[in-house]
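Some notes on the structure that comes next.
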Amino acid sequence: MEFLHCTMPEFAVLGKEGSTHSSNPEWIKQLWTEANSHFNEITELALRDDQGNLAGFWGAMTSLDRTFQPWENHLSVGLYLAGVQIPVETEAPKGWVKWIVPAFDYLYGQVDGDPQTAVQLGLEEIKRQGLALSGAIQEYYCPQENGAMYLFFPIKQNCNEKLRKCIR
């Protein structure tokens, strides 16, 4: 798996939220089914590029306290939002949840096989580069690549973005 670096500003995701505390072992799959079956309710809110293509779908993650720290207990406890990227200023309609993921520098790569193996490879690469995981891992699904999955590993929170939020 090849890993690259990027910096992303804050971005917003609108979707269906769930927790690892669910009694359903297929809870993430259930969230995606629910989001996809009701996507027509929010399709006009989705962020699009200049050609009208969807910006992308996210399996956004955060710690239980919603601070976008890594999932707790060895990355096994947290919140998940199955959704589509939207403009940050968009309001969430009833029945939907909006998260604003803070700006981070990321190490990212395309998942070619098992996502759990890709997570382990990403964590090993972070360690090999002398970096540290500084936020929750994010899943991205690219519509222009037939839904290809990428994992984004936050390695540094973008302080400039935090400062800009404070002085708005």
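Run down Thr33, Thr7 and say which single residue is open to solvent by 30 Å² or more (accessible area, probe 1.4 Å), outside any loop (DSSP other than H, G, I, E, B), touching a strand residue (DSSP E or B) at 6+ places or on another chain (Cβ under 7 Å) and β-branched (Val, Ile, Thr). Spell out the reasoning first.
Working: Thr33 fails: touching a strand residue (DSSP E or B) at 6+ places or on another chain (Cβ under 7 Å).
Step by step, each of Thr33, Thr7 is checked, and only Thr7 is open to solvent by 30 Å² or more (accessible area, probe 1.4 Å), outside any loop (DSSP other than H, G, I, E, B), touching a strand residue (DSSP E or B) at 6+ places or on another chain (Cβ under 7 Å) and β-branched (Val, Ile, Thr).
On the given criteria, is Met149 within 25 Å of Asn36 (Cβ to Cβ), open to solvent by less than 30 Å² (accessible area, probe 1.4 Å), in a strand (DSSP E or B) and free of Cβ contacts under 8 Å to residues at least 40 places away in the same chain?
yes
Which of (1) over 14 Å from the mean Cα position of the chain (by Cα); (2) of a type in the set (A, V, I, L, M, F, W, C); (3) open to solvent by less than 20 Å² (accessible area, probe 1.4 Å) is the odd one out, the single condition Leu75 does not satisfy?
Among (1) over 14 Å from the mean Cα position of the chain (by Cα); (2) of a type in the set (A, V, I, L, M, F, W, C); (3) open to solvent by less than 20 Å² (accessible area, probe 1.4 Å), Leu75 violates only (3).
Scan region 10-25 for residues that are in a loop (DSSP other than H, G, I, E, B) and farther than 26 Å from Leu121 by Cβ and report the count.
5
Consider Gly95 against the criteria (1) open to solvent by 30 Å² or more (accessible area, probe 1.4 Å); (2) touching a His at 6+ places or on another chain (Cβ under 9 Å); (3) part of a strand (DSSP E or B): it satisfies all of them except one. Which criterion is unmet?
Going through the list (1) open to solvent by 30 Å² or more (accessible area, probe 1.4 Å); (2) touching a His at 6+ places or on another chain (Cβ under 9 Å); (3) part of a strand (DSSP E or B), Gly95 breaks only (3).
Could you run through region 7-29 and say how many residues are closer than 24 Å to Glu44 by Cβ and of a type in the set (Asp, Glu)?
The number of residues fulfilling the criteria is 2.
Any residue in region 92-117 that is closer than 30 Å to Arg128 by Cα sitting within a Cβ distance under 7 Å of a residue that is of a type in the set (D, E, K, R) and assigned to a loop (DSSP other than H, G, I, E, B)? List the pairs, counting only those 6 or more apart or interchain.
Ile100/Glu10; Val101/Glu10; Pro102/Glu10; Ala103/Glu10; Gly109/Glu2
With respect to the numbered conditions (1) in contact (Cβ under 8 Å) with a residue 60 or more places away in the chain; (2) open to solvent by 30 Å² or more (accessible area, probe 1.4 Å); (3) in a loop (DSSP other than H, G, I, E, B); (4) more than 21 Å from Thr20 (Cα to Cα), which one is the sole condition not fulfilled by Pro70?
Result: Pro70 fails condition (4) only.
If only one of Asp65, Asp105 is part of a strand (DSSP E or B), charged (D, E, K, R), under 18 Å from the mean Cα position of the chain (by Cα) and modelled with pLDDT of 95 or more, which one is it?
Testing whether each residue is part of a strand (DSSP E or B), charged (D, E, K, R), under 18 Å from the mean Cα position of the chain (by Cα) and modelled with pLDDT of 95 or more leaves just Asp105.
When residues of region 127-141 are filtered for being over 22 Å from Asn158 (Cβ atoms) and either open to solvent by less than 50 Å² (accessible area, probe 1.4 Å) or in a helix (DSSP H, G or I) (or both), how many remain?
So the count comes out to 1.
Kindly list, by first and then second residue, each pair from a residue in region 22-37 that is touching a residue at least 24 places away in the same chain (Cβ under 8 Å) to a residue that is surrounded by 15 or more Cβ atoms within 10 Å (Cβ to Cβ) and among the basic types (Lys, Arg), limited to pairs with Cβ atoms under 6 Å and residues at least 6 apart or on different chains.
Listed by first residue and then by second, the contacts come to Leu31/Lys16; Glu34/Lys16; Ala35/Lys16.
The values are calculated or read from the model by the stated rules, or taken from the named source; none is laboratory data. Here the structure is a predicted model, which means the values were calculated and not measured. Positions of Cβ are backbone-derived with ideal geometry, glycine not excepted, and every protein chain shown enters the neighbour counts. In case anyone asks, the SASA skips ligands and DNA or RNA and just uses the protein heavy atoms, side chains included. Shrake-Rupley method; radii C 1.70, N 1.55, O 1.52, S 1.80 Å.
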